[in-house]
């Protein structure tokens, strides 16, 4: 097979890219900073609260019974998880209300 040579009149793909002007890209983060802060806060709570509650209550409250202290730690992990779900629902509800208000403004 013969290869085709580029003549001086034709532009290569690289030369054509220089001519095109691309629109500026959106470099804003996809997730707002407040959402990341909430996630980091609940991650910290998910790590420290169950472990801390276990070690603080295993000898002080339950007299060395690791079963009760472990059950309390599991309960505290569930409390953190439920708290995160509630905060996420409330945050999403506020976001939907803001979108509806913006949509009503556009329709007027």
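In what sequence do 48, 57, 67, 3 fall when counting other Cβ within 10 Å, fewest first?
In order of increasing Cβ crowding within 10 Å: 3, 67, 48, 57.
Over region 32-102, what relative contact order in percent results from Cα pairs under 8 Å that are six or more residues apart?
On the way: 34 pairs, mean separation 20.5, N = 71.
Relative contact order here is 29 percent.
Taking each pair of different alpha-carbon atoms in region 32-102 once, compute 1/r for the pair, average those values, and report the inverse of that mean as the Kirkwood hydrodynamic radius in Å to one decimal.
On the way: mean 1/r = 0.0724 Å⁻¹.
Computed over region 32-102, the radius equals 13.8 Å.
Quote to one decimal, in nm, the extra length available between residue 68 and residue 85 on full extension: 0.36 nm per residue of separation minus the C-alpha distance between them. Walk me through the intermediate numbers first.
Numbers: separation 17, 0.36 × 17 = 6.12 nm, distance 2.58 nm.
Net length gain for the segment: 3.5 nm.
Exposure proxy check: 54, 68 ranked by fewest other beta carbons within 10 Å? Write down the numbers at each step before the final one.
Details: 54 19, 68 15.
Ranking 54, 68 by Cβ neighbours within 10 Å, fewest first, gives 68, 54.
Could you line up 106, 38 from fewest to most neighbouring Cβ atoms inside 10 Å?
Lowest to highest Cβ neighbour count: 106, 38.
Bear in mind that the values in this text are calculations on the coordinates, not laboratory data. Please read all numbers here as calculations on a predicted model, not as lab measurements. Glycine gets a Cβ as well: all are built from the backbone with ideal geometry, and neighbour counts include every protein chain shown.
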